[in-house]
Structure formats: structure tokens, C-alpha cells
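Written out below as C-alpha cells is the structure these notes cover.
The values are calculated or read from the model by the stated rules, or taken from the named source; none is laboratory data. These numbers were taken from a predicted model, which means no experiment stands behind them. Reconstructed Cβ throughout: ideal geometry from the backbone, glycine too, with neighbour counts over all protein chains shown. The protein model used for the area step is the full one, side chains on, heavy atoms only, and it has no ligands, DNA or RNA in it. Shrake-Rupley method; radii C 1.70, N 1.55, O 1.52, S 1.80 Å.
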Amino acid sequence: MAQKFSVMNSTKWEELRLAMYAIEPAPRYRCMTIAGHYSEEDAEWFYHFRAGGYDDIRYIDIFAEGQSHREQVRRALKKIHLPGEETVEGFRVYGYALPGQSLDYL
């Protein structure tokens, strides 16, 4: 992978984890690592999400289950102000940016 620039820190990842844990039902997610591995879907935010640490998360895709759930997730993400974007399936939060990549904040 080309040079990358960290745009998140452990504090922000923890804020994300706790915010998603508080939503019912907890949103499903998948993580892309900097090595290019895309994890299996999971919805367990309390232990699983932080199990391997946050240093290798290139981005995380968070899936919304319908419009009401999407609004809950959007409100939680906006409170934290994270680098990311809204997607067809939900949201993507970035841990690293590539050179020249322009990121917005949720």
C-alpha cells in the first residue's frame, strides 16, 4: 500500500465504539485493514471491535438497517465528528488517508 496518513487516534476509535454500542440494534460493521484484509461482518462493538487494537484499520464500513437506523447512526457519528462519508449501505469512517485523498467529516 502507498504511503498513508493517520486521520484517527485511539480516543476517537473508542468514541465511535461506545456510540455504536449504545445504538439498538447495534449496527453491523466490517473493517478494511491497511494490509487489504476485509473482515467478516460483525455487530458486537463492546469486545470484538477493539480486540486487535485500532492501528491497522484503514476504514470501517458501518451498515444501517433502514432509514430510522441510518438517522440514529448519522446523529451518533456527527456528534463525534469523524473523517468519513455516507454510503449506499450506511457510512464509512476512515482511519488512514492516502496521499491526495480528500476526506470530509461526518
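Given the residues Glu15, Glu71, which is the only one that is touching a helix residue (DSSP H, G or I) at 6+ places or on another chain (Cβ under 7 Å) and open to solvent by 50 Å² or more (accessible area, probe 1.4 Å)? Working first, answer last.
Values: Glu71 fails: touching a helix residue (DSSP H, G or I) at 6+ places or on another chain (Cβ under 7 Å).
Answer to the selection: Glu15.
Name the single residue, out of those in the stretch 26-36 being free of Cβ contacts under 8 Å to residues at least 40 places away in the same chain and hydrophobic (A, V, I, L, M, F, W, C), that is surrounded by the fewest Cβ atoms within 10 Å (Cβ to Cβ).
Within the stretch 26-36, the subset free of Cβ contacts under 8 Å to residues at least 40 places away in the same chain is 26, 28-33, 35-36.
Remaining after also requiring hydrophobic (A, V, I, L, M, F, W, C): 26, 31-32, 35.
On the way: Ala26: 15, Cys31: 20, Met32: 19, Ala35: 8.
Among them, the one singled out is Ala35.
From the list Ser10, Ser39, exactly one residue is small (Gly, Ala, Ser) and either under 19 Å from Pro83 (Cα atoms) or open to solvent by less than 20 Å² (accessible area, probe 1.4 Å) (or both). Which is it?
Numbers: Ser39 fails: either under 19 Å from Pro83 (Cα atoms) or open to solvent by less than 20 Å² (accessible area, probe 1.4 Å) (or both).
None of the others qualify; the one that does is Ser10.
Could you tell me which of the residues Asp61, Asp55 is closer than 22 Å to Ser6 by Cα, open to solvent by 60 Å² or more (accessible area, probe 1.4 Å) and out of contact with any helix residue (DSSP H, G or I) (no Cβ under 8 Å at 6 or more places or on another chain)?
Being closer than 22 Å to Ser6 by Cα, open to solvent by 60 Å² or more (accessible area, probe 1.4 Å) and out of contact with any helix residue (DSSP H, G or I) (no Cβ under 8 Å at 6 or more places or on another chain) holds for just one of Asp61, Asp55, which is Asp55.
So, Ile23, is that one in contact (Cβ under 8 Å) with a residue 60 or more places away in the chain, of a type in the set (A, V, I, L, M, F, W, C) and either in contact with a His (Cβ under 6 Å, 6 or more places away or on another chain) or surrounded by fewer than 18 Cβ atoms within 10 Å (Cβ to Cβ) (or both) or not? Walk me through how you get there before you give the answer.
Working: in contact (Cβ under 8 Å) with a residue 60 or more places away in the chain: no; of a type in the set (A, V, I, L, M, F, W, C): yes; either in contact with a His (Cβ under 6 Å, 6 or more places away or on another chain) or surrounded by fewer than 18 Cβ atoms within 10 Å (Cβ to Cβ) (or both): yes.
For Ile23, the condition - in contact (Cβ under 8 Å) with a residue 60 or more places away in the chain, of a type in the set (A, V, I, L, M, F, W, C) and either in contact with a His (Cβ under 6 Å, 6 or more places away or on another chain) or surrounded by fewer than 18 Cβ atoms within 10 Å (Cβ to Cβ) (or both) - is not met.
So, in the stretch 85-106, exactly how many residues are surrounded by 15 or more Cβ atoms within 10 Å (Cβ to Cβ), of a type outside the set (A, V, I, L, M) and touching a residue at least 24 places away in the same chain (Cβ under 8 Å)?
Residues in the stretch 85-106 being surrounded by 15 or more Cβ atoms within 10 Å (Cβ to Cβ), of a type outside the set (A, V, I, L, M) and touching a residue at least 24 places away in the same chain (Cβ under 8 Å): 6 in total.
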